[in-house]
1. Using the Kirkwood formula over every pair of different C-alpha atoms, what hydrodynamic radius in Å results for the range 24-67?
2. Calculate, for the range 1-76, the solvent-accessible area per residue in square angstrom, rolling a 1.4 angstrom probe over the heavy atoms of the protein chains.
3. Once every DSSP H run of n ≥ 4 in the chain is given -39500 (n - 2.57) and the sum is divided by its residues, what mean residue ellipticity at 222 nm do you get, rounded to the nearest 500 deg cm²/dmol?
4. Probe radius 1.4 Å, ligands and nucleic acids ignored: give me the carbon and sulfur share of the accessible area of the range 98-149 as a rounded percent.
5. If you rank MET14, MET26 by how much accessible surface each has, with a 1.4 Å probe, what is the order from largest down?
6. Computed on alpha carbon atoms, what radius of gyration and Dmax characterise the range 62-149, expressed in Å?
7. Could you state the orientation-averaged shadow area of the convex hull built on the Cα atoms of the chain, in nm² to one decimal?
8. Once the Cβ-Cβ distance between ASN77 and LYS112 is put in as r, and R0 is 35 Å, what FRET efficiency do you end up with, to the nearest 0.05?
Amino acid sequence: MNQADPREIQTLQMYLNEYGQQIELMTQQLSMIEQQRLEGTAAIETLRAIQENADGAVLLPIGGGAYLRVKVLDAGNVLVNIGADVSVERATADAVEYLEDRITELEALAKKVAGSVEQLQGQATEISRRLEAAYRGARQAQAGQGGSS
């Protein structure tokens, strides 16, 4: 059996560590995407509830589990952040449509990132197998050297 090259083992371990870091970063990205999707969905539900609420009163969270009961002055228009800290005023129906489109984009992005994570996990598994085989080869080579002395 061929003796395992310590440089190969070191290289495989380096690749495995890099894949682990990439998987962790993409998993964090998936969490952020999911959080944005949930926030968009909540905004849509809130806008629809305000439209259906006859008296225009809503509960406004102010932090720490505290809420204020407030009246919405203009339920027909919404300020929507379109990116880079830029907000535009849109009719409520347009804002809902915009948010739905954003959610669709987020879901597509999440699928893409999840596919990349799955691919990286497969590659990491393959590297783990190769690393384990290299370690077995190194142990067998050591055992062979120890037994022949």
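1. Hydrodynamic radius (Kirkwood, Cα pairs) of the range 24-67 is 12.6 Å.
2. Details: 5850 Å² over 76 residues.
On a per-residue basis, the range 1-76 sits at 77 Å².
3. Rounded to the nearest 500, it is -26000 deg cm²/dmol.
4. Exposed carbon and sulfur together represent 50 percent of the surface.
5. Working: MET14 95, MET26 55 Å².
Accessible-area ranking of MET14, MET26, largest first: MET14, MET26.
6. In order Rg, Dmax, the Cα atoms of the range 62-149 give 28.5, 90 Å.
7. Projected area, direction-averaged: 14.2 nm².
8. The computed FRET efficiency comes out at 0.55.
The values are calculated or read from the model by the stated rules, or taken from the named source; none is laboratory data. Bear in mind the structure is a predicted one, so any value in this text is a computation, not a measurement. Backbone-built Cβ (ideal geometry, glycine too); neighbour counts: all protein chains shown. Remember, those area values only see protein heavy atoms, side chains included, never the ligands or the DNA or RNA. Shrake-Rupley method; radii C 1.70, N 1.55, O 1.52, S 1.80 Å.
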